[in-house]
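Visitor: Structure in structure tokens, see below.
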Amino acid sequence: MTGFQSILLLRHELLLIVAALAIIVVDLSLPAGKKTRIIHFSLILFSVVFLLSFFPTKSGELFGGSFQGNQLTGFMKDILNLAVLIVFLQSGGYLRKKENAHKMAEFFVLIIFTLIGMDFMISSGDFLTFFIGLETASIPIAGLAAYDQLKSRSAEAGVKLILLSALSSGVLLYGISMIYGATGSIYFKDIALKISSSPLIILGFIFFVSGMGFKISLVPFHLWTADVYEGAPINVTAYLSVVSKGAAVFIFAIILFTVFKNVIHIWENVLYALAVLTMTIGNLFALRQNNIKRFLAFSSIAQAGFIMLGIMGTGGLGMTTVVYFLLIYVFTNLAAFGVAAAIFDASGVETISGYKGLYSTNPKLSLVMMLALFSLAGIPPVAGFFGKFFLFTSAGSQGYFILILIAVINATISLYYYLGVIKAMFIDKNDQPVAAFNSSVTMRISLLICSTGIFFVGFASGIFEYIMSLSSMLF
Amino acid sequence: MSILSLFVLVPVLTIIGIMFTAGLKGTRIVAAVGMGVQLLLAACLMFYYLSVKGAGDLHEMILVSDYNWFPSLNIHYTVGVDGISASLIALTAVVIFAGIFASWGMEYLPREFFITLILLATGVFGFFISLDLFTLFLFYELAVIPMYLLIGIWGSGPKEMAAMKLTLMLMGGSALLLVGLLGLYFYSAPNGGPYTFNILELAKVHMPYEAQRFFFPLTFVGFGVLGALFPFHTWSPDGHASAPTAVSMLHAGVLMKLGAYGCFRVAMFLMPEAATEMAWIFIILTSISVVYGAFGALMQKDLKYINAYSSVSHVGLILFALLMMNQTAIDGAILQMISHGLMTALFFALIGMIYGRTHTRNIYEMGGLMKVIPFLGTMYMIAGFASLGLPGFSGFVAEMTIFFGAFQHQDLFHRVATILVASSIVVTAVYILRVIGIFLLGQIKHEEHLRLQDAKWHEKLSTITLMIGIIGIGIFPLWLSNTIMGSLQPIIDRLTVYLH
């Protein structure tokens with residue numbers, strides 16, 4: 001492989017490193033009164049990075065197999081880039097607040113660094129690279145969660161995240177060490193050949209799933225989620241619930257489908273139980289939430305349960321449905337968070353009861369929120385319906401009809417709380433609704449991107465077929 | 001681009017058109033024009049169907065068009081109609097057209113109202129033209145979800161509760177349905193090859209009996225919830241009572257038939273063995289629906305509740321007839337779908353108009369209205385007579401056919417069930433006549449009722465449209481019966497193979 005091709009293979013990571021460094025340097029050179037310019041600079045720079053990353057390339061390996069690049073991982077990274085771009089577009093209002101005047105650039109830099117970690121994680125060819133990527137992603141996230149460091153909830157969120165993250169990484173590493181002990185290799189390819197259902201590997205696998213379960217916030221490893229989501233600034237919460245979770249799901253699926261391919265009978269049972277628990281508990285807790293961030297936290301836990309159904313499908317179909325669902329999830333969840341952020345920036349309201357009568361004052365935001373919630377609930381004709389339907393199809397392809405039944409009953413329960421928000425916005429009367437306001441241009445662009453995605457990703461079957469063609473080649 | 005896709009395209013274009021209007025006047029005109037075009041299309045479809053069949057076309061479905069939407073999963077957008085779906089499309093077009101005129105004076109958020117209402121209709125039309133279970137399911141859910149907003153925002157009474165109850169029960173039903181449809185999909189290729197959602201393809205495959213036993217109840221109950229199958233009917237009285245007029249019309253008139261049509265076209269047609277084996281369970285449940293609904297209607301004081309329970313009873317009769325699984329009974333069931341659709345839409349339209357004048361739906365607070373609003377009163381009486389099955393109206397034709405069909409079964413179980421169900425006709429007569437006697441005839445109870453105005457032009461247009469259908473079917477039942485009969489044969493053939 002020539003040098004240029006290696007660079008191409010690493011294009012996502014290299015571009016992000018350049019961007020992060022450029023933001024630091026430019027921020028240093030900006031005069032004191034004009035620091036807000038860094039927001040525009042970062043947005044433009046990141047858009048360029050996003051576009052450049054689409055450069056087509058072949059598959060290949062680097063560093064003796066530690067780094068694997070192919071079109072599917074490239075597509076996954078593009079999805080993450082897109083999500084981060086939307087988060088950046090939505091963060092302007094938050095960063096312009098007075099208390100953030102001295103730390104605007106750090107927001108972008110920290111997020112880009114976590115993204116680099118995630119990209120390496122997705123492309124990893126062995127457990128070492130995987131673990132380094134994971135840790136690179138984890139530590140800056142704690143900093144982001146504690147971004148409002150003077151607010152005790154935010155500081156608490158940061159501490160909670162870093163402590164539990166360290167614990168789960170330890171558990172994960174322990175599991176990896178057992179798998180290494182049983183197979184004598186850390187390379188995915190070697191392990192896949194030597195894997196068996198010996199007790200040590202089963203134990204190692206359970207530790208591995210526990211560690212990943214924490215990152216994806218599967219029940220019973222979800223306890224940190226609601227508190228951290230509530231304490232962190234809303235844009236960081238959006239980032240955590242979409243990008244951080246998405247990356248973890250991607251690598252989890254890749255490792256299951258490649259490394260543990262030959263011991264499906266072990267992990268399918270484990271995932272079955274996790275999926276049922278995650279959907280049900282996430283849903284039941286979401287029923288009673290009034291804070292919009294906690295609400296979306298539990299809703300995203302429940303969504304993670306649905307994603308597990310896609311993974312149950314294994315192989316090309318399973319991978320496709322998971323990637324496809326996450327692409328839709330990016331648009332959907334970020335639309336919901338975007339509206340929540342816009343309302344919070346303008347009025348400080350972050351409770352569902354505070355949204356009462358929103359349609360009378362802010363009809364467009366209410367409509368975007370309704371679209372997003374319908375998409376989360378899986379109502380046609382928006383994209384969420386297609387995403388969920390295909391996840392169920394994936395589980396059905398392996399004959400898990402009882403699991404699908406549990407899932408669809410959960411989907412019906414979830415409708416209750418999604419409709420609850422819609423009821424607050426459209427039906428309930430309120431003497432003092434959130435006053436009418438104009439959100440920033442960047443926020444509007446981000447919501448436009450999200451709404452377009454929600455409307456068209458489902459109907460445009462070409463996207464699904466494209467992902468299918470990419471993943472059928474690999475699995 | 002197929003002709004049938006127009007039935008989805010026209011409502012969508014109407015919705016887009018409404019988005020660019022402002023105020024009640026512009027909005028309702030766009031809506032009326034759009035749905036008028038739709039009504040014309042439906043009429044053309046009926047005539048085209050009859051002329052094609054008259055010329056000796058033997059295809060099961062006509063105007064079939066197919067687009068491979070998700071090739072890797074073999075999910076298609078396939079449309080086509082037979083006599084049954086064509087007549088139901090015509091019914092829908094009539095009811096939505098009448099519904100637009102019944103909500104001519106919708107003052108609160110008119111633009112949003114008409115958009116949501118037509119979105120609902122889009123789902124219904126899409127459902128009836130779909131031959132692929134994926135799109136069928138997509139349109140089915142699309143027809144259900146706008147109900148939440150329509151009842152929640154524009155309803156009356158305990159509307160939030162009613163809207164939530166209705167939506168959750170119907171979506172719960174569609175959740176069961178989804179499992180059933182995936183089951184059909186994954187058992188569609190016993191000899192390898194791609195799976196399919198296409199109804200006509202699925203009908204050629206024999207699904208293993210064990211699988212049918214698991215998936216048939218899920219699918220039947222899934223659709224049955226929308227058909228107000230006992231004990232899943234409780235959404236219906238609350239939902240219909242709280243919904244605004246046009247929504248009650250569309251929902252009782254058309255949406256409940258979606259459930260019955262699905263039970264028949266998907267559950268029974270594609271899983272005939274399990275249907276035959278399990279029919280007795282559902283015959284018992286539907287018999288309860290019929291009798292219980294009739295007695296429920298007898299006990300109510302609110303006009304809307306009376307008609308909601310009456311709908312439970314009548315739609316129960318449709319499901320009952322379908323489960324009899326012979327040609328006469330199923331023919332009657334389809335006639336009843338259309339007849340009841342028109343009749344109940346007329347009832348709800350009239351109730352909405354009367355309520356708009358008297359501001360009460362309690363029959364004991366009204367009386368002698370026949371004297372002050374003779375047009376609406378006469379219409380209500382005619383609808384009532386049609387509903388209790390008086391000859392000359394559509395209800396008579398449908399119910400007679402159903403009971404003839406049901407009596408063809410010789411065994412004790414079917415006989416007892418049929419006699420029980422047939423006895424509900426008497427109860428129907430009692431509650432209809434009771435209502436008419438109390439609130440239309442007799443003395444005027446309130447002074448201010450003397451000053452009521454009779455129907456305006458748009459109300460007359462709305463009710464007369466429906467009335468033409470009711471009397472038309474009553475006098476020329478063969479016209480509709482022939483349309484349906486030709487399409488029934490392949491279905492009956494498939495069902496009767498397993499019947500003995």
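Visitor: Kindly establish whether A:PHE455 is facing another protein chain (nearest Cβ under 8 Å), part of a helix (DSSP H, G or I), under 28 Å from B:TYR185 (Cα atoms) and touching a residue at least 24 places away in the same chain (Cβ under 8 Å).
Guide: no
Visitor: Does B:PRO158 qualify as being out of contact with any helix residue (DSSP H, G or I) (no Cβ under 8 Å at 6 or more places or on another chain) and surrounded by fewer than 21 Cβ atoms within 10 Å (Cβ to Cβ)?
Guide: It is false that B:PRO158 is out of contact with any helix residue (DSSP H, G or I) (no Cβ under 8 Å at 6 or more places or on another chain) and surrounded by fewer than 21 Cβ atoms within 10 Å (Cβ to Cβ).
Visitor: Still on this structure: Take A:THR280 and decide whether it is within 28 Å of A:LEU419 (Cβ to Cβ), hydroxyl-bearing (Ser, Thr, Tyr) and surrounded by fewer than 24 Cβ atoms within 10 Å (Cβ to Cβ).
Guide: Against the criterion (within 28 Å of A:LEU419 (Cβ to Cβ), hydroxyl-bearing (Ser, Thr, Tyr) and surrounded by fewer than 24 Cβ atoms within 10 Å (Cβ to Cβ)), A:THR280 qualifies.
Visitor: Please list, ordered by residue number, the helices (runs of 4 or more DSSP H) wholly in region B:115-204 having 2 or more residues that are over 20 Å from B:MET271 (Cα atoms) and more than 10 Å from chain A (Cβ to nearest Cβ).
Guide: In region B:115-204, the matching helices (runs of 4 or more DSSP H) lie at B:146-154, B:159-186.
Visitor: Sort through B:ALA455, B:ALA422, B:ALA406 and tell me the only one that's touching a Leu at 6+ places or on another chain (Cβ under 8 Å) and either farther than 21 Å from B:GLY352 by Cα or part of a loop (DSSP other than H, G, I, E, B) (or both).
Guide: B:ALA455
Visitor: Right, another one. Out of all the residues in region A:149-184, which are aromatic (Phe, Trp, Tyr) and free of Cβ contacts under 8 Å to residues at least 40 places away in the same chain?
Guide: Of everything in region A:149-184, just one residue is aromatic (Phe, Trp, Tyr) and free of Cβ contacts under 8 Å to residues at least 40 places away in the same chain, namely A:TYR174.
Visitor: Given the criterion farther than 26 Å from B:LEU255 by Cα and touching a residue at least 40 places away in the same chain (Cβ under 8 Å), identify the matching residue among B:ILE436, B:ILE338. Don't jump to the end; show me each part of the working.
Guide: Working: B:ILE338 fails: farther than 26 Å from B:LEU255 by Cα.
Exactly one residue qualifies, and that residue is B:ILE436.
Visitor: Sticking with this structure for a sec: Under 6 Å by Cβ, and 6 or more places apart or on different chains, what pairs join a residue from region B:370-392 that is in contact (Cβ under 8 Å) with a residue 24 or more places away in the chain with one that is in a helix (DSSP H, G or I) and among the charged types (D, E, K, R)?
Guide: The qualifying pairs are B:GLY389/B:GLU399.
Visitor: Within region A:312-421, considering only helices (runs of 4 or more DSSP H) that don't extend past its boundaries, which have at least 3 residues that are modelled with pLDDT under 90 and more than 14 Å from every other protein chain (Cβ to nearest Cβ)?
Guide: Filter on region A:312-421 gives A:315-347.
Visitor: Kindly indicate whether any position in region B:87-104 is at the interface with chain A (Cβ under 9 Å from one of its Cβ atoms) and either β-branched (Val, Ile, Thr) or in contact (Cβ under 8 Å) with a residue 40 or more places away in the chain (or both).
Guide: no
Visitor: Looking only at region B:52-77, count every residue that is assigned to a strand (DSSP E or B) and either more than 14 Å from every other protein chain (Cβ to nearest Cβ) or not polar (S, T, N, Q) (or both) and tell me the total.
Guide: 11
Visitor: In this structure, is B:ALA267 at pLDDT 85 or above, in a helix (DSSP H, G or I) and surrounded by 24 or more Cβ atoms within 10 Å (Cβ to Cβ)? Walk me through how you get there before you give the answer.
Guide: Details: at pLDDT 85 or above: yes; in a helix (DSSP H, G or I): yes; surrounded by 24 or more Cβ atoms within 10 Å (Cβ to Cβ): yes.
Yes, satisfied.
Visitor: When you scan region A:265-272, do you find a residue that is buried (at least 23 other Cβ atoms within 10 Å of the Cβ), among the hydroxyl-bearing types (Ser, Thr, Tyr) and part of a helix (DSSP H, G or I), even just one?
Guide: The answer is no, given that none of the residues of region A:265-272 is buried (at least 23 other Cβ atoms within 10 Å of the Cβ), among the hydroxyl-bearing types (Ser, Thr, Tyr) and part of a helix (DSSP H, G or I).
Visitor: Please verify whether A:LYS429 is more than 10 Å from every other protein chain (Cβ to nearest Cβ), surrounded by fewer than 22 Cβ atoms within 10 Å (Cβ to Cβ) and either without any contact (Cβ under 8 Å) to a residue 40 or more places away in the chain or part of a helix (DSSP H, G or I) (or both), treating the condition exactly as stated.
Guide: Spelling it out, it is not the case that A:LYS429 is more than 10 Å from every other protein chain (Cβ to nearest Cβ), surrounded by fewer than 22 Cβ atoms within 10 Å (Cβ to Cβ) and either without any contact (Cβ under 8 Å) to a residue 40 or more places away in the chain or part of a helix (DSSP H, G or I) (or both).
Visitor: Sticking with this one: Please count how many residues of region B:104-122 are buried (at least 24 other Cβ atoms within 10 Å of the Cβ) and either small (Gly, Ala, Ser) or touching a His at 6+ places or on another chain (Cβ under 9 Å) (or both).
Guide: The qualifying residues number 2.
Visitor: With the structure loaded, tell me whether B:GLY469 is part of a helix (DSSP H, G or I) and modelled with pLDDT of 85 or more or whether it fails that test.
Guide: no
Visitor: Further question: Taking B:ILE84 as meeting all but one of (1) surrounded by fewer than 18 Cβ atoms within 10 Å (Cβ to Cβ); (2) in a helix (DSSP H, G or I); (3) touching a Ser or Thr at 6+ places or on another chain (Cβ under 6 Å), write down the number of the exception.
Guide: (1) is the only condition that B:ILE84 fails.
So that you can scan it fast, the table gives a plain yes or no per residue for (1) part of a helix (DSSP H, G or I); (2) on the phi > 0 side of the Ramachandran plot; (3) in contact (Cβ under 8 Å) with a residue 24 or more places away in the chain; (4) within 14 Å of chain A (Cβ to nearest Cβ):
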position: B:ALA211; (1), (2), (3), (4): yes, no, yes, yes
position: B:PHE214; (1), (2), (3), (4): yes, no, yes, yes
position: B:THR219; (1), (2), (3), (4): yes, no, yes, yes
position: B:PHE230; (1), (2), (3), (4): no, no, yes, no
position: B:PRO237; (1), (2), (3), (4): yes, no, yes, no
position: B:ALA246; (1), (2), (3), (4): yes, no, yes, no
position: B:LEU255; (1), (2), (3), (4): yes, no, yes, no
position: B:GLY259; (1), (2), (3), (4): yes, no, yes, no
position: B:SER289; (1), (2), (3), (4): yes, no, yes, no
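Visitor: How about region B:347-405: which of its residues are crowded, with 24+ Cβ neighbours inside 10 Å and among the polar types (S, T, N, Q)?
Guide: Within region B:347-405, B:SER387, B:SER394 meet the criteria.
The values are calculated or read from the model by the stated rules, or taken from the named source; none is laboratory data. Model, not experiment: these values are computed from the prediction. When we count neighbours, we look across all protein chains shown, and the Cβ atoms used for this are built from the backbone with ideal geometry, even at glycine.
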